[in-house]
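The values are calculated or read from the model by the stated rules, or taken from the named source; none is laboratory data. Source: prediction; values computed, not measured. Methodologically, a virtual Cβ is constructed for each residue, glycine included, from the backbone with ideal geometry; neighbour enumeration extends over all protein chains shown. All accessible areas refer to the heavy atoms of the entire protein, side chains included, with ligands and DNA or RNA removed. Shrake-Rupley method; radii C 1.70, N 1.55, O 1.52, S 1.80 Å.
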Amino acid sequence: QVHLVESGGGLVQAGGSLSLSCAASERTYRIGWFRQVSGKEREIVAAMNWTGYRIYYADFVKGRSTISLDSAKSTMYLQMNGLRSEDTAVYYCAAGSTVVGGLDREDLYIYWGQGIQVTVSS
């Protein structure tokens, strides 16, 4: 069982920045961020494999977010800039061990954090 603990959420003004962290209890092949906007289905935000040679960004965050990983700390980060009110959601860290398959495939992430609220005020 891999344990994931998110931190760094909160309230930020539109146009501002926020950095989310996800501490993992052990290394997995894939690790990423998903979010769920109230009343909508959960969707992927960004993901990467542990070595960093595969990275995926959802279209809605391309150019304004960066995913990274500190292997020594087993901690993944998501730096989000230019935040918009529509980015308000619960953000989840997720991980999985499956090597094949796209990083955007939610079904390949079997370990999930509790989620952390990000609220962007307009």
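Here are some notes:
- Distant-in-sequence amide H partners of A58 (H built 1.01 Å from N, under 5 Å): A46
- Converting phi to 3J(HN,Hα) with the Karplus coefficients 6.51, -1.76 and 1.60 and the offset θ = phi - 60°, segment 4-20 yields 10, 10, 8, 8, x, x, x, 9, 9, 7, 4, x, x, 10, 8, 10, 9 Hz in sequence order, with x at every glycine or proline.
- Over the chain, accessible surface divided per residue gives 50 Å², non-protein components excluded, 1.4 Å probe.
- Using the Karplus relation 6.51 cos²θ - 1.76 cosθ + 1.60 with θ = phi - 60°, the per-residue 3J(HN,Hα) values for segment 53-59 come to 7, 10, 9, 10, 10, 5, 4 Hz, with x marking Gly and Pro.
- Rounded to the nearest 20 debye, dipole of segment 20-90 from Cβ charges on Lys, Arg, Asp, Glu: 100 debye
- Per DSSP, loop chymotrypsin sites (Phe, Trp or Tyr not before Pro) in segment 24-122 with at most 11 further Cβ within 10 Å: Y53
- Between the exposed loop cleavage positions of the chain, defined as GluC sites (Glu not before Pro) in a non-H, G, I, E, B DSSP state with at most 16 neighbouring beta-carbon atoms within 10 angstrom, the longest gap is 42-122.
- D by Stokes-Einstein for the chain, Kirkwood Rh over Cα pairs, 20 °C, 1.002 mPa s: 152 µm²/s.
- Residue-span extension gain [T98 to S38] - 0.36 nm each, minus C-alpha spacing: 18.7 nm
- Carbon + sulfur, % of accessible area of segment 53-118 - ligands and nucleic acids excluded, 1.4 Å: 50 percent
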